[in-house]
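Quick note: the coordinates plus some simple rules give every number you see, no bench work behind them. Keep in mind the model is a prediction, meaning the values are calculated, not measured. Methodologically, a virtual Cβ is constructed for each residue, glycine included, from the backbone with ideal geometry; neighbour enumeration extends over all protein chains shown.
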Amino acid sequence: MKKPPAFTSRTSRVAAAATAALAVTALSACGAADTGAAASSGGPGDKVTIAVPSWVGAEANAAVAAHILEEEYDVRVEKTQIDESVAFDGLDSGKIDAVLEDWNGAPEKIEKYVDQKKSVVSAGDLGVTGKIGWFVPEYLAKEHPDITDWKNLDKYAHLFRTAESGDKGQLLEGSPSYTTNDDALVKNLKLDLKTVYAGSEAAQITQIQQDYKARKPFLTYWWTPNWVNEDVKMVEVKLPEWTEGCDEDPKAVDCGYPETPLRKYLSAGFAKDGGKPAEFLKRMKWTEEDQNEVAAMIAGKKMSPEDAAEKWVAENEDVWKSWVA
């Protein structure tokens with residue numbers, strides 16, 4: 001959700017992946033997260049490292065978790081910006097303790113580390129269900145009701161043309177680090193579209209907000225939950241129905257995205273020896289509305305994550321008190 005300059009090519013995707021790999025290397029140089037017997041009660045010498053993928057919902061999760069860990073357990077929290085997929089390598093090595101929002105973007109790593117190697121363990125559901133898809137603004141769907149069926153997108157592709165997409169319609173994407181099936185979908189559904197990357201969630205949101213304010217036609221890769229949906233009303237385009245296994249071959253995908261209960265994962269060492277802080281993260285569970293409230297404070301009101309978390313925690317003790325029981 002997964003923030004910097006625009007990327008518009010596959011070369012840039014490689015660069016983004018390289019940057020993520022360097023983040024894990026840097027973590028290795030800093031040493032493993034501090035866990036072990038001392039963490040069972042929490043204390044100023046303990047440290048918990050939380051991975052934060054590049055979208056504001058994940059930032060909201062980490063900010064609230066960090067605030068409560070620091071205030072209730074007296075532990076230091078290090079929040080590390082890192083891509084969702086690469087974060088699993090950090091969990092495997094023990095350099096990262098927790099991932100609080102996984103969209104199943106790297107199923108091969110879950111199979112490798114969780115199912116086979118058992119160096120990473122599930123910490124349960126976050127309480128939020130994610131849904132990825134293609135969306136158009138509500139005003140465009142009202143003007144052209146059939147545009148919400150993918151079979152009719154070519155009929156309207158000319159409305160989405162931009163300087164970046166040339167003679168094809170633009171499908172606006174966010175960060176090139178996100179795991180999407182969109183290039184395969186465009187090719188396999190034989191659509192007159194081209195994916196164009198804004199470079200980050202923040203850049204994508206800015207473009208969406210500008211186009212929405214100007215009432216321009218646009219087609220975008222998007223997801224729920226997202227705080228922007230309160231102000232920018234969009235309608236999902238119905239893609240071919242997702243069925244079990246339809247997206248196993250990345251090159252052959254011709255179906256839409258599934259609904260995904262967002263899950264938390266811990267490194268096996270932290271799950272075993274992290275004591276009360278680890279148990280707290282397993283219990284942490286909130287709603288889409290909770291997450292959007294904090295995300296809106298961070299991205300919409302430009303509050304620091306720390307201030308947003310402090311405000312939410314102060315106003316929602318009835319939600320989080322059970323996490324620290």
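Considering segment 113-154 alone, what residues qualify as being in a helix (DSSP H, G or I) and either on the phi > 0 side of the Ramachandran plot or out of contact with any helix residue (DSSP H, G or I) (no Cβ under 8 Å at 6 or more places or on another chain) (or both)?
Within segment 113-154, Val114, Asp115, Gln116, Glu138, Tyr139, Lys142, Glu143, Pro145, Trp150, Lys151, Asp154 meet the criteria.
If we scan segment 295-305, do we find a residue that is more than 26 Å from Lys131 (Cα to Cα) and of a type in the set (Gly, Ala, Ser)?
yes
Hey, could you check segment 237-264 for residues that are closer than 25 Å to Ala87 by Cα and basic (Lys, Arg) and say which is surrounded by the fewest Cβ atoms within 10 Å (Cβ to Cβ)?
Lys251
For segment 111-136, how many residues meet the condition of being of a type outside the set (Lys, Arg) and closer than 25 Å to Val64 by Cα?
Counting residues in segment 111-136 that are of a type outside the set (Lys, Arg) and closer than 25 Å to Val64 by Cα gives 12.
When both residues are 6+ apart or on different chains and their Cβ atoms are under 7 Å apart, which pairs have a first residue that lies in segment 281-297 and is under 24 Å from Val121 (Cβ atoms), and a second that is part of a helix (DSSP H, G or I) and of a type in the set (A, V, I, L, M)?
These pairs meet every condition: Leu281/Ala65; Met284/Ala65; Trp286/Val319; Gln291/Ala60.
Output the residues belonging to segment 166-187 that are buried (at least 18 other Cβ atoms within 10 Å of the Cβ) and of a type in the set (S, T, N, Q).
If the condition is that a residue be buried (at least 18 other Cβ atoms within 10 Å of the Cβ) and of a type in the set (S, T, N, Q), then Gln170, Ser175, Ser177, Thr180, Asn181 are the ones that fit.
Residue-wise test of (1) out of contact with any strand residue (DSSP E or B) (no Cβ under 9 Å at 6 or more places or on another chain); (2) outside any loop (DSSP other than H, G, I, E, B); (3) not hydrophobic (A, V, I, L, M, F, W, C).
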site: Pro217; (1), (2), (3): no, no, yes
site: Glu241; (1), (2), (3): yes, no, yes
site: Cys246; (1), (2), (3): yes, no, no
site: Asp254; (1), (2), (3): yes, no, yes
site: Thr260; (1), (2), (3): no, yes, yes
site: Ala271; (1), (2), (3): no, yes, no
site: Leu281; (1), (2), (3): no, yes, no
site: Lys285; (1), (2), (3): no, no, yes
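This table checks each residue for (1) among the aromatic types (Phe, Trp, Tyr); (2) surrounded by 15 or more Cβ atoms within 10 Å (Cβ to Cβ).
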position	(1), (2)
Gly269	no, yes
Phe280	yes, yes
Asn292	no, yes
Ala325	no, no
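Would you check if there is a residue in segment 72-95 being of a type in the set (Ser, Thr, Tyr) and farther than 26 Å from Pro225 by Cα?
There is at least one residue in segment 72-95 that is of a type in the set (Ser, Thr, Tyr) and farther than 26 Å from Pro225 by Cα.
Please enumerate the residues belonging to segment 70-92 that are out of contact with any Leu (no Cβ under 8 Å at 6 or more places or on another chain) and part of a helix (DSSP H, G or I).
Glu70, Glu71, Glu72, Tyr73, Glu84, Ser85, Val86, Ala87, Phe88, Asp89, Asp92
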